[in-house]
1. Determine the equivalent ellipsoid of region B:577-630 by diagonalising the alpha-carbon gyration tensor, then write out the semi-axes as square roots of 5 times the eigenvalues, largest first, rounded to whole Å.
2. Could you tally the net charge around A:Leu23, taking each other residue with its Cβ under 15 Å from the Cβ of A:Leu23, Lys/Arg +1 and Asp/Glu -1?
3. Just to confirm my numbers, what's the Cα centroid distance between region B:162-176 and region A:149-163 in Å?
4. Could you list A:Glu234, B:Glu17, A:Glu391 so that the one with the fewest beta carbons within 10 Å of its beta carbon is first and the one with the most is last?
5. Taking +1 at the Cβ of each Lys and Arg and -1 at the Cβ of each Asp and Glu, which of B:Ala636, B:Gln658, B:Leu617 sits farthest along the dipole of region B:609-661 towards its positive end, judged by Cα position relative to the Cα centre?
6. Equivalent ellipsoid semi-axes for region B:426-577, as square roots of 5 times the alpha carbon gyration tensor eigenvalues: give them largest first, rounded to whole Å.
7. Rounded to whole Å and sorted largest first, list the principal axis extents of the Cα atoms in region A:290-346.
8. Assuming R0 = 45 Å, can you tell me the calculated FRET efficiency for the pair A:Ser479 and A:Met615, based on Cβ-Cβ distance, to the nearest 0.05?
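Each value in this text was obtained by applying a stated rule to the coordinates, not by laboratory testing. From a predicted model like this one, the values you see are computed outputs, not experimental measurements. As a convention, Cβ positions derive from the backbone with ideal geometry for all residues, glycine included, and neighbour counts pool all protein chains shown.
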2 protein chains.
Amino acid sequence: MNPDLRRERAAATFNPELITHILDGSPEKTRRRREIENLIMNDPDFQHEDYNFLTRSQRYEVAVKKSASMVKKLREFGIADPDEIMWFKKLQLVNFVEPVGLNYSMFIPTLLNQGTTAQQEKWLHSSKGLQIIGTYAQTEMGHGTHLRGLETTATYDPKTQEFILNSPTVTSIKWWPGGLGKTSNHAIVLAQLFTQGKCYGLHAFIVPIREIGTHKPLPGITVGDIGPKFGYEEMDNGYLKMDNYRIPRENMLMKYAQVKPDGTYVKPLSDKLTYGTMVFVRSFLVGEAARSLSKACTIAIRYSAVRHQSEIKPGEPEPQILDFQTQQYKLFPLLATAYAFQFVGAYMKETYHRINEGIGQGDLSELPELHALTAGLKAFTTWTANAAIEECRMACGGHGYSHSSGIPNIYVTFTPACTFEGENTVMMLQTARFLMKSYDHVHSGELVCGMVSYLNDLPSQRIQPQQVAVWPTVVDINSPDSLTEAYKLRAARLVDIAAKNLRNEMSHRKSKEVAWNLTSVDLVRASEAHCHYVVVKLFSEKLLKIQDKSIQAVLRNLCLLYCLYGISQKAGDFLQGNIMTGSQITQVNQRIMELLTIIRPNAVALVDAFDFKDMTLGSVLGRYDGNVYENLFEWAKKSPLNQTEVHESYHKHLKPLQSKL
Amino acid sequence: MNPDLRRERAAATFNPELITHILDGSPEKTRRRREIENLIMNDPDFQHEDYNFLTRSQRYEVAVKKSASMVKKLREFGIADPDEIMWFKKLQLVNFVEPVGLNYSMFIPTLLNQGTTAQQEKWLHSSKGLQIIGTYAQTEMGHGTHLRGLETTATYDPKTQEFILNSPTVTSIKWWPGGLGKTSNHAIVLAQLFTQGKCYGLHAFIVPIREIGTHKPLPGITVGDIGPKFGYEEMDNGYLKMDNYRIPRENMLMKYAQVKPDGTYVKPLSDKLTYGTMVFVRSFLVGEAARSLSKACTIAIRYSAVRHQSEIKPGEPEPQILDFQTQQYKLFPLLATAYAFQFVGAYMKETYHRINEGIGQGDLSELPELHALTAGLKAFTTWTANAAIEECRMACGGHGYSHSSGIPNIYVTFTPACTFEGENTVMMLQTARFLMKSYDHVHSGELVCGMVSYLNDLPSQRIQPQQVAVWPTVVDINSPDSLTEAYKLRAARLVDIAAKNLRNEMSHRKSKEVAWNLTSVDLVRASEAHCHYVVVKLFSEKLLKIQDKSIQAVLRNLCLLYCLYGISQKAGDFLQGNIMTGSQITQVNQRIMELLTIIRPNAVALVDAFDFKDMTLGSVLGRYDGNVYENLFEWAKKSPLNQTEVHESYHKHLKPLQSKL
């Protein structure tokens, strides 16, 4: 092991294993996760080539091969628990994606949620075994965010009892679904349902797109890959164009809405339940933000402990770059953020399951807040992690730019999370809608509960946006609870301002919609402050549940750093709201510098606690043993350009030029 | 033309052509640039394939081919002026790089700056014609920022009158130089010079690495490509390992330092002159930041005018997404930043040439400030542009993630600028060193001049960091001059704080170096504030030089937006320094929203004024004619995965699985 890393690990004040147990949920879960990871690491079938050296077509092939072997192995090993499947996949995929992923994450769940028992019987077994390879086709070339704008049509023909599917325009071509381009033979297609001359809005249809056995596109279907992207190279995100393409009536998913054989439309009892999948996926993305950022921090912090550069004292050996204050100031707040998001992710998962059980028993009361909270937190955590991953990459200097660092792949695989499953600004505005509704409730005398209950305390009558000297301003910058209070006041103030500005715009005889648009920057700001408060609150509360004193002390410092760094970055809000004074902000900045020094000896152990296998990191710089430079050289030799001593380009283009001169 | 874009252009309040002339420098320059661009656009030899669909090895080949034809064409067309060559290259390379680029940007200039007349005679002609293809090998695997740490050695052997070059360790392997891996046959190598048993530090040597004619690596040379990166895929960034490799004494560049035949070392008269290239490259990067961000803004704003999505008023057609306040708030401050950086880039270029003329006449007086200013502005502009390009990409929603948008390639090609030619944090600390020196001068009673002259006004004795109520606080938020004053006060305050904290750390019996490290976050903050002030000042001053009233009005709004947006983002600094009050910050935020509405009708014309050819943008979304969706479909069909109806992966991996089930 690299002597720097050995020294770092020896100097830690705590046992990282104990934090690993907290992150996994229990020591037993850690044990089981490692058991599953060892299955893969010891299996020669999983020793695939490094994607970095492959062409896109080769990457696609390796990814398909991985997916196929995964299906076999999961059966062989008898792994069926969703968490266990995720551990299995995470390690096996490194920082990449799988072309058949949507079969499991969208096709099957939609079939289960929206299909009748008969439909599930017909399709479920073969899709689980990849005879049917399904995907989920919603987004169109011209339509993403605004579902009502989707143009694909499904027109019922009672004569043949079929739906006729059409992509009437270029903009209506389905665009982006994963695995659609080359891999899938079925898609759940979202289309505007027309029957008996009337449009009934969006419904889901099971559409065969390629022939089983030959895999050729069926007549009436135009399907293909949408072309190279920033990342997701091994994924065949696809397009789908349908021309008078007929499917049987039974292919409409009919658990809720139905079309009878004669074309009569029967509407669903409630549409709240379709919330479920969205909420699940978004809360999952919060966890993804945590995982991706944790990986990037692991790489950047380990590398910073191994890399020696420049000098602090002239004549002395080059220090570890982790000893530069600027490097600590770049990385430790991101590490604190990674921990914060880990705990938020775990909370979201628990909450989703708790509320989902409630829904199973008919209790929908908490659904609106959960929906609003997942929307905002999805946006807040993915935006933050997105920028933070790039900061980690750049903190690795030049080597961060090489694919050997692993961080570019983490970034390009993660960044779509800011856009898909609800574009982040749109998400923030959904949260804002809930905040405004809650504000109005309070204003009309009703109490609100849950994370927005601070709005109950808003002395709305007395407060003018710019004149909030009435807040209690005794913030203890060493107390997570007190800092949570400060974030709460900030959120309350920004919600108050947005609400008042919205009313003000409406009072100028503008329609509610125009007023909403003209206040939307304020509304996003309010949502961000609300989400920031929620993250701080969850982190602080998590501390109370930790038994081990050494662990509690370490995490408490990270929590303080997270809180104080946020205040420093958004100092304007805290000053303008009279939540803190200028001299307190100065103290905050000083305290941040002290915390950097306090966290420094534990930095490597804190990323070790994430317990990423070298294989999952896919990084030369982030290796557990810190053996960086020799490995970098070995890695580079595999570059496709190095396969010949003299590249043919020389003979073709440069040599003729040289002889001419 | 897309009707939305036609309407946008018709609605503009000014003629974009007039801004184009300002950006180019004069109408004559615009004319000449277009003349050169037309040479390329009308030449079938330049209709190369789209890099996006090629493998890395193919990209490399196309890039070499382009370079070769460029050399021929530049001669053919008689183009020799540096600006004209740049226009030529920019258009031809789209958002990519060329493997022989370093021959022209580093090898030849270093030969000219540091080679004797005899050396220039020997190598210059053949390197200009690409018989010698040179690169510049400085960075090593383990050493980037800290030049003194470089390990490569050049030991003089007086018996044979040769230097013996060695890469003594893995970390000493040269790593990163562009074109080194496969393309170059010579490199200027930086190595520690040893003669007569003594080390004289870094010197530059011309090292043949491949045999002319066969292009095979010479004995003693190990050379190759460092492997795939985030971008620069068509560039063979390389490694170079030398084992007892001998070169003649005459291959040391000896314009300044010399080694006599007997091994006697003659030291250079002055080493200030080597500043020149660094300052030139860094000031060039400021212009690159402007160009890259301008491209990204062009794409995002044109696409936002063409894309219709969601609804503002229910029942009405989907609006252009540029009509959403949140979209304007994302893009218009970035547009204003692009303009700001364009003017800063032009200023840096002028200043460099002016000071360079002075240097020619022996006047080095302005060099230290220029050096400090280019370091800081390089960091400030590249960091800002880097984040801004990604914001532009994400503002294009899902399509931004596709290479069809062009923005991922702009980003990955630009982002190394934050790291190379001086890592940005290191650059900020260099500026800080100059600021601290100037501060000390003022403190000891001397006046300082240039951009730091505001330090002369610092009433240092009276001011405590947290108690600066003595500042004049009458900021007129509608006056660029008054806002420049506000930025000046912010810079002065943060320089003052950093200087005092530095002294305070030193007074705690810490060495100057340790104190510097413990204050470095404050120092970076001070440098950033200084650079921000310089940008604001240059933008404001530029307004005064513009004759046309319609143009002045438009640019004035952009300048105001740039200033106010920065204040809003850094509100804490302005509040804490008592430079502005809370209610002024509220006014700032309101005024920003008004400016968004004011700028909205001119947004498309403002990006048209950058006058990027569609070919340079390499973007389907950013096309001048706005024909997006049909082109997107045509583009996707060229995807390598679409070359067969059924990908072989199906037959190899999925079909066997299906039959087993």
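1. They are 37, 12, 10 Å, listed from largest to smallest.
2. +2
3. One Cα centre to the other: 70 Å.
4. B:Glu17, A:Glu391, A:Glu234
5. About the Cα centre, the residue reaching furthest to the positive side is B:Gln658.
6. 31, 15, 14
7. For region A:290-346, the Cα spread along each principal axis is 48, 16, 9 Å.
8. 0.65
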